[in-house]
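Here's the structure, in structure tokens; my notes come after.
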């Protein structure tokens, strides 16, 4: 007889959720997922633009989805990015917020009640047919 059964082919009784342990995902991992989601949402950027970055504050046990079920953590995300200009900045930020919340929720299993998008810099896109470089 061992811990996995009594030798008669029977499985042990299920362990209650509270006694099984927990998985904790580090804030920096959630931040990397959020930054990648922001890169996906922003799309191609000018060559001199920096890559999006993110900071995350995870608040444990935001809610319990069902009585006796495991609590769900909440990730409050702040994304820093640079955009090409001219563009519809509001629409781009909305898309980044939506995509980051969706991807972090799906990949990390956390609620994302807040995504703050901070545009750090705008990069002027060259007009078609104009020479690139310095202008006087």
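The values are calculated or read from the model by the stated rules, or taken from the named source; none is laboratory data. On a predicted model such as this, the values are computed, not experimentally measured, just so you know. A quick note on method: Cβ atoms are made from the backbone with ideal geometry, for glycine too, and the neighbour counts reach across all protein chains shown.
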(request) Determine the pairs where a residue that is in a strand (DSSP E or B), located within the range 41-62, has a partner that is modelled with pLDDT under 80 with Cβ atoms under 6 Å apart, the partner being 6 or more residues away or on another chain. (result) 61/71; 62/72
(message) Being surrounded by fewer than 18 Cβ atoms within 10 Å (Cβ to Cβ), in contact (Cβ under 8 Å) with a residue 40 or more places away in the chain and either under 24 Å from residue 22 (Cα atoms) or within 10 Å of the chain's Cα centre (by Cα) (or both) is true for just one of 102, 95. Which residue is that?
(response) 102
(message) Residues that are surrounded by 13 or more Cβ atoms within 10 Å (Cβ to Cβ) and either under 19 Å from the mean Cα position of the chain (by Cα) or modelled with pLDDT under 80 (or both): does the range 61-70 have at least one?
(response) yes
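For (1) closer than 30 Å to residue 86 by Cα; (2) surrounded by 10 or more Cβ atoms within 10 Å (Cβ to Cβ); (3) at pLDDT below 80, each residue gets a yes or a no:
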| site | (1), (2), (3) |
| --- | --- |
| 3 | no, no, yes |
| 17 | no, yes, yes |
| 38 | yes, yes, no |
| 47 | yes, no, no |
| 54 | yes, yes, no |
(message) For the range 72-95, check the following and say yes or no: at least one residue is modelled with pLDDT under 90 and farther than 30 Å from residue 125 by Cβ.
(response) yes
